[in-house]
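Have a look at the structure below, then the notes.
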Amino acid sequence: MTDFAARRRTMVDTQIRPSDVTKFPIIDAMLNVRRENFVPDSQREAAYVEGLVDMGAGRCMLEPRTLAKILDALNISNDEIVLDVGSAMGYSTAVAARMAQLVVGVEEDEDLAAESQTVLMEADADNAIVHVGPLAQGATEHGPYDVIMIQGGVEQVPDAIIDQLKEHGRIACLFMEGELGTVRIGHKSGGRVTWRHAFNANAPVLQAFSADRAFSL
């Protein structure tokens with residue numbers, strides 16, 4: 001029988017701490033949220049690998065290091081409301097829920113969303129909910145949000161997402177340019193978002209966040 005608790009400790013000791021993520025809430029969450037329960041059954045043995053995990057439906061779970069560094073950069077506090085776009089089966093939502101007042105996961109794949117609702121309940125993530133709908137539209141009824149994070153690569157961020165970020169709120173996005181990816185943290189002031197570089201990472205671009213391609217003959 002696989003000792004997933006040991007794998008979680010190894011993940012934290014070999015992937016998270018060496019990435020200079022040392023904040024107690026993040027370490028505690030990643031040691032306690034059972035990542036293997038938030039992936040398809042066929043991927044349970046791969047849940048703690050140092051890489052992307054195939055979630056099906058053309059989707060991937062971010063590397064543990066990438067998620068941890070995003071959370072570190074966002075520095076979520078326990079009085080904040082978080083929008084987690086592209087939450088899949090809810091791992092990132094469950095981890096963030098251990099730091100925030102409320103986390104709203106957004107998932108457009110109905111099968112992933114249904115599984116997410118079940119697993120989050122089993123994980124006692126009472127302050128996490130799943131909104132089913134187009135990723136690019138977010139979840140306006142629960143906003144505005146102090147923090148927004150997107151679980152996949154982006155080429156552009158729709159205004160509909162930016163509009164749901166509170167004034168002085170933060171947003172984390174993994175911008176992809178070809179094969180190169182950069183996580184940037186945006187801060188909203190005066191209705192505009194100013195971006196700064198955080199670290200390099202990679203993930204497939206979510207279809208809802210791909211750039212419009214110009215038509216040419």
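The values are calculated or read from the model by the stated rules, or taken from the named source; none is laboratory data. On a predicted model such as this, the values are computed, not experimentally measured, just so you know. So basically every Cβ, Gly included, is an ideal-geometry build from the backbone, and we count neighbours across all protein chains shown. Surface areas here come from the heavy atoms of the whole protein model, side chains and all, with no ligands, DNA or RNA. Shrake-Rupley method; radii C 1.70, N 1.55, O 1.52, S 1.80 Å.
How large, in percent, is the carbon and sulfur part of the accessible surface of segment 77-130 at a probe radius of 1.4 Å? Write out the running numbers ahead of the final one.
Values: 870 of 2110 Å².
Percent of accessible area from carbon and sulfur atoms in segment 77-130: 41.
Work out, step by step, the length gained on full extension between S210 and E122: first 0.36 nm times the residue separation, then minus their alpha carbon distance; give nm to one decimal. Intermediate values should be presented prior to the final figure.
On the way: separation 88, 0.36 × 88 = 31.68 nm, distance 3.36 nm.
Result: 28.3 nm gained on full extension.
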Open item on the list: Beyond 29 Å, how much of the Cα-Cα pair distribution for the chain remains, as a whole percent?
Closed with: 18
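How much accessible area per residue does segment 154-211 have, in Å², with a 1.4 Å probe?
Working: 3010 Å² over 58 residues.
It amounts to 52 Å² per residue over segment 154-211.
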Task: Whole-Å semi-axes of the ellipsoid equivalent to segment 56-98 (Cα gyration tensor, √5λ, descending) - done: 20, 12, 8
Open item on the list: Are there any GluC sites (Glu not before Pro) in segment 1-58 that are in a DSSP loop and have at most 11 other Cβ atoms within 10 Å? List them by number.
Closed with: E50
Task: segment 47-120 - convex hull of alpha carbons, volume per residue in Å³ - done: 83
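Just the number, please: percent antiparallel of the DSSP beta bridges in the chain, rounded to the nearest 5.
On the way: 19 of 40 bridges.
Antiparallel bridges: around 50 percent, rounded to the nearest 5.
Accessible area per residue, 1.4 Å probe, Å², for segment 36-89: what's the number? Spell out each step's value before the answer.
On the way: 1980 Å² over 54 residues.
Accessible area per residue, segment 36-89: 37 Å².
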